[in-house]
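S.K.: A single structure is presented below for examination.
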Amino acid sequence: MLRLGRREFGPHEPVIMAIVNRTPDSFYDQGATFRDEPALARVEQAVAEGAAIIDIGGVKAGPGEEVTAEEEARRTVGFVAEVRRRHPDVVISVDTWRADVGAAVCEAGADVLNDAWGGVDPGLAEVAAKYGAGLVCTHAGGAEPRTRPHRVEYDDVMADILRVTVGLAEQAAALGVRRDAIMIDPGHDFGKNTRHSLEATRRLGEMTDTGWPVLVSLSNKDFVGETLDRPVKERVLGTLATTAVSAWLGAQVYRVHEVAETRQVLDMVASIAGHRAPAVARRGLA
């Protein structure tokens, strides 16, 4: 059982986490949801299409202009409070690696801290424990926040992913973060080249075998683009294919841009696996 905010999710219940970037320079939407009105409209649409979690980010993952903790908080804290006011039952996640920002968004109503940079600020897990928030423990290959990988090598990439993510999860639990609110993330593209991310996907079952709920953040990433030689805006099909494989191998939480399309893929895989009945079953019965 995964318990986040007011929601509980069964072990075979796929969960969609919709991305809402509060940045002027995000790689995918180039700032389309930087202002409040389009960002709130994005939240409404994502919830209507089946997202259970809204993941709010105030700093883009890649290199760019410096964003101080104060500026990151300015972009996220008030927005978290407004989303919480409008959607009391939605799970609110904030994508941050900074403990002080984590504390501020938790005060405003955030339910989950999505630490995409692998515990670079150990205080973030302490914040999650203090506020009863969930925590995403990600493998980033030891990279500094907002840096790109350069000639990174692993003897065994999945062994390193398991060592880091399970270690972070156990540390968080020891600090008081609820075990049923901790997720592990292989960190596609983070501290990895394309072959590493493909191998992490292929061997995702080794992560799900740990018993920790697995979150995957696949949406329109570079490893999809390089695999298919497609620019950012033409990576949806590759993303959905990777989503289907990840679902079959047992991932539970999916951080995405395209909510409706992802919902259909996850429902189809769940039905093939026998965890979900068809929405309609008339064929051969008339």
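Coordinate-derived values only; no laboratory data. Note that the coordinates shown come from a computational prediction; the quantities given were computed from them, not determined experimentally. Glycine gets a Cβ as well: all are built from the backbone with ideal geometry, and neighbour counts include every protein chain shown.
S.K.: Take the Cα of Glu49, step 7 Å along the line toward its Cβ, and report every residue of region 240-271 whose backbone nitrogen sits under 11 Å from that point.
M.R.: Only 256-264 pass the distance filter.
S.K.: Same structure, new question: Over the chain, with a Gaussian network built from C-alpha contacts below 10 Å, which listed residue (Ala108, Ala133, Ala241) shows the highest mean-square fluctuation?
M.R.: Of Ala108, Ala133, Ala241, the Gaussian network model singles out Ala241 as fluctuating most.
S.K.: Turning to a different aspect of this structure: Can you sort Val127, Val269, Val136 so the residue with the fewest Cβ neighbours within 10 Å comes first? Walk me through the numbers on the way to the answer.
M.R.: On the way: Val127 24, Val269 19, Val136 29.
Ordered by Cβ neighbours within 10 Å, fewest first: Val269, Val127, Val136.
S.K.: Out of Gln45, Ser93, Leu285, whose Cα points farthest toward the positive end of the dipole of the chain (charges: +1 Lys, Arg; -1 Asp, Glu; placed on Cβ)?
M.R.: Of Gln45, Ser93, Leu285, it is Leu285.
S.K.: Round to a whole angstrom and tell me the spacing of the C-alpha centers of region 238-286 and region 87-126.
M.R.: 28
S.K.: Once you have a ≥ b ≥ c as the square roots of the Cα gyration tensor eigenvalues for region 91-175, tell me rounded if a/c is under 1.5, and otherwise prolate or oblate according to whether a/b is larger than b/c. Write out the running numbers ahead of the final one.
M.R.: Details: a/c = 2.64, a/b = 1.73, b/c = 1.53.
Since a/c reaches 1.5 and a/b is larger than b/c, the shape of region 91-175 is classed as prolate.
S.K.: Next up: Taking 2.2 N^0.38 Å as the expected size of a compact globular protein, what ratio does the Cα radius of gyration of region 59-114 give against it, to two decimals?
M.R.: On the way: Rg = 11.2 Å, N = 56, 2.2 N^0.38 = 10.2 Å.
For region 59-114, the normalised Cα radius of gyration comes out at 1.11.
S.K.: Efficiency by 1/(1 + (r/R0)^6): what FRET value for Asp156 and Ala260, r their Cβ-Cβ distance, R0 = 41 Å, to the nearest 0.05? Could you put the intermediate results ahead of the total?
M.R.: On the way: r = 37 Å, r/R0 = 0.90.
Efficiency at R0 = 41 Å is approximately 0.65.
S.K.: Also, quick follow-up: Listing Leu198, Leu135 from the residue with the fewest other Cβ atoms within 10 Å to the one with the most, what is the order? Spell out each step's value before the answer.
M.R.: On the way: Leu198 18, Leu135 28.
Listed from fewest to most nearby Cβ atoms, that is Leu198, Leu135.
S.K.: Counting other C-beta atoms within 10 Å, which of Lys233, Lys130, Lys192, Lys221 has the fewest, and how do the rest follow? The partial results should precede the final answer.
M.R.: On the way: Lys233 9, Lys130 16, Lys192 26, Lys221 23.
Ascending number of Cβ neighbours within 10 Å: Lys233, Lys130, Lys221, Lys192.
S.K.: Which one, Val15, Val232, Phe34, is farthest towards the positive end of the dipole of region 2-273 when Lys and Arg carry +1 and Asp and Glu -1 on their Cβ?
M.R.: Val15
S.K.: Here is a follow-up. Need the C-alpha centroid separation for region 155-219 versus region 21-50, integer Å.
M.R.: Value for the Cα centre distance between the two parts: 27 Å.
S.K.: Roughly how big is region 2-273's charge dipole about its Cα centre, with Cβ charges of +1 (Lys, Arg) and -1 (Asp, Glu), in debye to the nearest 20? Numbers along the way, then the final one.
M.R.: Values: 30 positive and 42 negative charges, 63 e Å.
With Lys and Arg at +1 and Asp and Glu at -1, about 300 debye.
S.K.: Per-residue ellipticity at 222 nm for the chain, helices alone: DSSP H runs ≥ 4 residues times -39500 (n - 2.57), over residue total, nearest 500 deg cm²/dmol?
M.R.: On the way: 10 runs with 117 residues, N = 286.
Calculated from helices alone, the mean residue ellipticity at 222 nm is -12500 deg cm²/dmol.
S.K.: Something else about it: Once you have the alpha carbon radius of gyration of region 2-273, what is it after dividing by 2.2 N^0.38 Å, with N set to its residue count?
M.R.: Numbers: Rg = 16.8 Å, N = 272, 2.2 N^0.38 = 18.5 Å.
Output field value: 0.91.
S.K.: With a point put 7 Å past each Cα toward its Cβ, work out how far His12 is from Val245 in nm, to one decimal.
M.R.: Distance between label points: 2.4 nm.
S.K.: In whole Å and largest first, what semi-axes does the C-alpha gyration tensor of region 1-105 yield when each eigenvalue is scaled by 5 and square-rooted? Show your work: numbers first, answer last.
M.R.: Details: eigenvalues 106, 47, 36 Å².
After diagonalising the Cα gyration tensor, the semi-axes are 23, 15, 13 Å.
S.K.: Of all DSSP beta bridges in region 2-273, what percent run antiparallel (nearest 5)? Can you show the working numbers first?
M.R.: Values: 3 of 32 bridges.
Beta bridges within region 2-273, antiparallel portion: roughly 10 percent.
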